[in-house]
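The values are calculated or read from the model by the stated rules, or taken from the named source; none is laboratory data. Only a predicted model underlies this, so the values are computations on that prediction, with no experimental measurement involved. Here Cβ is always computed from backbone atoms with ideal geometry, including for glycine, and neighbour counts include all displayed protein chains. These accessible areas exclude ligands, DNA and RNA; they are computed on the full protein's heavy atoms, side chains included. Shrake-Rupley method; radii C 1.70, N 1.55, O 1.52, S 1.80 Å.
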Amino acid sequence: MSQHKNLDSHNSRLQSYYKFHSLIYDRTRWLFLFGRKSLVHFLPISNKDHFNMLEVSCGTGHNLYNFANYFSNVKIKGIDVSKDMIKKCQSKIHLFKDRIELINDTYSDSSFQKKESFDVILFSYTLTMTGFQNKIMLIQALRDLKPGGIILVVDFHKTNYKFFEMHMKNNHVDMYGQIVPILEQHYGTLSLDIEKAYYNLWSYFTFVGIKPYKLK
Ligand SMILES: C[S@@+](CC[C@H](N)C(=O)[O-])C[C@H]1O[C@@H](n2cnc3c(N)ncnc32)[C@H](O)[C@@H]1O
């Protein structure tokens, strides 16, 4: 199968998954998408600074709301492939609609009509869901960041339990520690925190990285 067909079928699987899950997302995900609340404190930026940011796969807008609320001068773009998630997001970020723009699309090199580069790009519980696309997305983010720009990532790290790994796989999540090495390969590491969830049933990580001034 060609890369394009793979991508189309992966994205249409996600579209149908989120048709239902967008309805229960906010009521259920706080139970296991840990680390999102404290993300605002990981950025080496003051809450009055002016900067622009992109959240790749913004979902229902949990992070968009938190960032716009904490950083009073940030301008944010949120992109997501699922129209059902974007619909939920629209009502959540209503208060900040002058500073947040939503795009319903797949994140790729043709995502933005007007080319823009960002001070910060956020990936929150996305890269473990995007299969073979994760590396492509991280390389795209290198192009979309300004020199010296910051990448912020929170996501599942790994589990020592095969049954749980399979259960997550059935929910489109790959969790075997594959993301951190890709981040470390392409970005300068500013910090990496790994935390346990539910007595180490799994671990999750928060990574803060910098786009190198000279790309490899
Ligand atoms: C687990 S949710 C995370 C949402 C949000 N970042 C959060 O932390 O709550 C994953 C999201 O990624 C989106 N997504 C997956 N692949 C994508 C892609 N290639 N481009 C844009 N969005 C994508 C899905 O539609 C879904 O909304």
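Here are the numbers for this structure:
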| item | result |
| --- | --- |
| Whether the stretch 3-210 is rounded, prolate or oblate, judged on the alpha carbon gyration tensor where a/c under 1.5 counts as rounded | rounded |
| The chain, accessible area per residue, ligands and nucleic acids excluded (1.4 Å, Å²) | 52 |
| Under 12 Å, Cβ to Cβ, from F205 - net charge with Lys/Arg +1 and Asp/Glu -1 | -2 |
| Sum of -39500 (n - 2.57) over DSSP H runs of 4+, divided by residues of the chain (222 nm, nearest 500) | -10500 deg cm²/dmol |
| Sparsely packed trypsin sites (Lys or Arg not before Pro) within the stretch 75-120, loop by DSSP, other Cβ within 10 Å at most 10 | K114, K115 |
| Contact order normalised by residue count of the chain, Cα under 8 Å, 6+ apart, percent | 18 |
| Rounded to 5, percent antiparallel among DSSP beta bridges of the chain | 45 |
| Cα gyration tensor shape for the stretch 1-109, rounded if a/c is under 1.5, else prolate or oblate | prolate |
| Fraction of accessible area attributable to carbon and sulfur, the chain (%, probe 1.4 Å) | 55 |
| Gaussian network model of the chain, springs between alpha carbon atoms under 10 Å - residue of S203, S22, S72 with greatest fluctuation | S72 |
| Burial ranking of peptide ranges 131-140, 55-64, 30-39 (average Cβ count within 10 Å, highest at the top) | 55-64, 131-140, 30-39 |
